[in-house]
Each structure stands twice: as structure tokens, then as C-alpha cells.
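Report on the following structure.
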Amino acid sequence: MTKADVLDVFEQLKICIAYKLNGNESTEIPFQMTRINIDPVYRDFEGWNISTSAAKSPSELPDAMKQYVGFINKELGINIQYISNGPGREQIVSLQ
């Protein structure tokens, strides 16, 4: 695998979705972070464990990657339009 395959090698991916602040869950980080106990709350995603560097279209991307990107889209309220899957200019998958 190359450096461009960074997420392709993980068996599991995690996204921090909230924080436990002194035992209470919140989606906001307080200004005074040093005065409380903060623990991240993660959502786990299955990794895809295959190289995506040759993908040219969304249909060539693994389902696990599509679910990961879909979650990010939903949580951020935006749609990721492109995925760069390598250092070359031609290594961009348009999701539109």
C-alpha cells in the first residue's frame, strides 16, 4: 500500500460523535477543558481493507467506505463531493 491508501488499511474506523463531560454527554467542548474530565464517545465503522487507489467512480468504492462517507455527510449536513484516492491528479472520484 502507498501513503495515499491511509484509510484503506484499517480494520475499524472511529468517528468522535460526542464527549462525556464529568459523566454527562455533550456534543460541545467546554472552554475550560482543564477543569473537567473529558472522554470522547466514538461511533465505530467497519474498515474496507482493500486499496481504493484505482477507483474511478463511486460504484467502484467499497460499501463500507460509502457508509463511512454517508455518515459524515449526514452529521455535517453537507455532501462530500470528491474523494482523493491517491497523489495523482487523475485519482479523484466524483461523488456527484
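The values are calculated or read from the model by the stated rules, or taken from the named source; none is laboratory data. Being a predicted model, the structure only gives us computed values, none of them experimental. With ideal geometry, Cβ positions are generated from the backbone for all residues, glycine too; neighbour counts draw on all protein chains shown.
The table below gives the values:
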read-out	value
Pick from region 54-96, criterion among the hydrophobic types (A, V, I, L, M, F, W, C) and touching a helix residue (DSSP H, G or I) at 6+ places or on another chain (Cβ under 6 Å), ranking: surrounded by the most Cβ atoms within 10 Å (Cβ to Cβ)	LEU95
Cβ pairs under 6 Å, 6+ apart, first in region 44-61 and more than 10 Å from GLY86 (Cα to Cα) and at pLDDT 95 or above, second assigned to a helix (DSSP H, G or I) and of a type in the set (Ser, Thr, Tyr)	PHE45/TYR68
Region 47-60, residues that are under 10 Å from VAL93 (Cβ atoms) and either touching a Leu at 6+ places or on another chain (Cβ under 7 Å) or assigned to a loop (DSSP other than H, G, I, E, B) (or both)	THR52, ALA55, LYS56, SER57, PRO58
Residues being more than 15 Å from TRP48 (Cβ to Cβ), assigned to a helix (DSSP H, G or I) and over 13 Å from the mean Cα position of the chain (by Cα) - total across region 61-93	0
Those residues of region 16-40 which are more than 21 Å from the chain's Cα centre (by Cα), assigned to a strand (DSSP E or B) and of a type in the set (A, V, I, L, M, F, W, C), in sequence order	LEU21, ILE38
